[in-house]
Amino acid sequence: MEAIEKIKEFAAQAVPGAKIDIVNSTPAAQQPALLVDREHIYGVAKFLKEDPRFQMDFCSCVTAVDYLAKADKPGNIEVVYHLYSVAQKHGPLVLKVRAPREIDQCRVPSLTPLWRGCEFQEREAYDLYGVKFDGHPDLRRILMWDEFTDHPMRKDYVPPADYEWEPTPHDETLDRAVQEGGIMPPTAREELEKEKAKKK
């Protein structure tokens with residue numbers, strides 16, 4: 001596969017107006033990525049899939065990372081795609097795109113129309129981080145239930161004191177619910193009391 005600097009150059013030529021930067025991942029990964037602006041991420045991804053030099057025909061992973069605001073820069077949610085070419089036997093190429101953390105602005109174009117394997121993974125990023133994927137064919141929760149109103153992988157998420165919804169509350173969860181005055185299913189409370197009685 002071409003060096004990432006060359007890939008950036010080719011992509012910038014193919015998608016006029018695209019803002020593309022090379023960013024380093026964590027030291028452990030030692031894997032640079034292409035950070036693309038929201039308006040052009042779809043065009044750059046389409047180029048990487050269709051250009052015969054790259055043929056990125058497989059997206060193996062879609063995830064999100066929550067970066068809280070710091071003194072010198074605003075917070076954002078970063079969506080990360082790992083691309084491979086089965087045809088060319090190379091990869092991964094890491095693509096990143098950032099969106100504001102504010103729920104009403106936290107949206108990026110869906111890449112599911114390019115790689116069908118992104119469908120459930122983008123739904124997971126929506127469910128857990130609140131990223132709305134414009135153009136996704138079926139954007140809805142995949143892990144949390146429909147009535148859940150928050151996004152629990154965000155760093156500022158605060159778990160509720162009411163643990164009635166947890167299917168199998170136990171140990172620290174039950175203790176915390178008691179301390180915070182939360183609600184527990186009656187059977188869970190009975191089990192907690194039995195456990196405490198055994199320890200006496």
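We did not get these values from a lab; they are worked out from the coordinates using the rules stated. Computed from a prediction, not measured in an experiment: that's the story for all the values here. FYI the Cβ positions are ideal-geometry reconstructions off the backbone, even for glycines, and counts take in every protein chain you see.
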Notebook entry, point to check: Please report, for the Cα atoms of region 1-91, the Rg to one decimal and the Dmax as a whole number; what are they, in angstrom?
Noted result: 13.8, 45
Next item on the list: Would you mind ranking Leu34, Leu111, Leu68 so that the residue whose beta carbon has the fewest other beta carbons within 10 Å leads the list?
Entry: Leu68, Leu34, Leu111
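Order of Arg101, Arg107 from fewest to most other C-beta atoms within 10 Å?
On the way: Arg101 20, Arg107 17.
By the 10 Å Cβ count, ascending: Arg107, Arg101.
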Check: Quick one: Cys61, Cys106, fewest Cβ neighbours within 10 Å first, how do they rank?
Finding: Cys61, Cys106
Margin query: I need the peptides 5-18, 37-50 ranked by packing, meaning the mean over residues of other C-beta atoms within 10 angstrom, with the highest value on top.
Written below: 37-50, 5-18
Check: Can you list the residues of region 81-112 with backbone N under 18 Å from a point 7 Å past the Cα of Asp51, pointing along Cα to Cβ?
Finding: 81-97
Check: What nm value, rounded to one decimal, do you get for the distance between Arg38 and Glu2 when each label is placed 7 Å out toward the C-beta?
Finding: 2.8 nm
Next item on the list: Find how many whole Å separate the alpha carbon centroid of region 1-71 from the alpha carbon centroid of region 108-151.
Entry: 20 Å
Checklist line | Two-site FRET efficiency, Lys73 against Thr149, from Cβ-Cβ distance with R₀ of 41 Å, rounded to 0.05 | finding: 0.90
Notebook entry, point to check: Do you know the relative contact order of region 4-155, to the nearest whole percent, from alpha carbon pairs under 8 angstrom that are 6+ apart?
Noted result: 18 percent
